[in-house]
Amino acid sequence: MEITQPVKNQLGNTGLQVTRLGYGAMEIRGEGEGRAATAKQAETILNAVLDAGINFVDTSIDYGDSEEHIGKFISHRRDEFFLASKCGCQFDAKPDGGDGWSPHSFDHENITSGV
């Protein structure tokens, strides 16, 4: 069986070639909604993503332990992927109890502290 590399496209006007299929790291957030991934599972998943040729990894400050796992388990492969993070999330914000979403703030201070 022949394994092909994922298709890449240019990201906007950056000149960067990113795979059409990216990996959303929400599922390696640890405890919380959905299935909880252990650190060992996160390591396996992240390396499998890169081994498969996917070079776009998406995370967010409100994805639990995902940012820590990315740093711990694939930072030694940093030249193999682009890391995208959402902004507006507030560090340690809890869901508001209504729709289950944490409040977001897109002001300069919050975005800068999140980055």
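Throughout, read-outs are computed from the coordinates displayed, never taken from laboratory work. As the structure is a computational prediction, the values presented were derived from the model and not from experiment. A quick note on method: Cβ atoms are made from the backbone with ideal geometry, for glycine too, and the neighbour counts reach across all protein chains shown.
What is the number of the single condition among (1) within 29 Å of Phe106 (Cα to Cα); (2) in contact with a His (Cβ under 8 Å, 6 or more places away or on another chain) that Glu43 does not meet?
That leaves (1) as the condition not met.
Would you call Gly30 touching a residue at least 60 places away in the same chain (Cβ under 8 Å) and small (Gly, Ala, Ser)?
Details: touching a residue at least 60 places away in the same chain (Cβ under 8 Å): no; small (Gly, Ala, Ser): yes.
Criteria not met by Gly30.
Of Gly22, Gly15, which residue is closer than 18 Å to Leu83 by Cβ, surrounded by 10 or more Cβ atoms within 10 Å (Cβ to Cβ) and not β-branched (Val, Ile, Thr)?
Gly22
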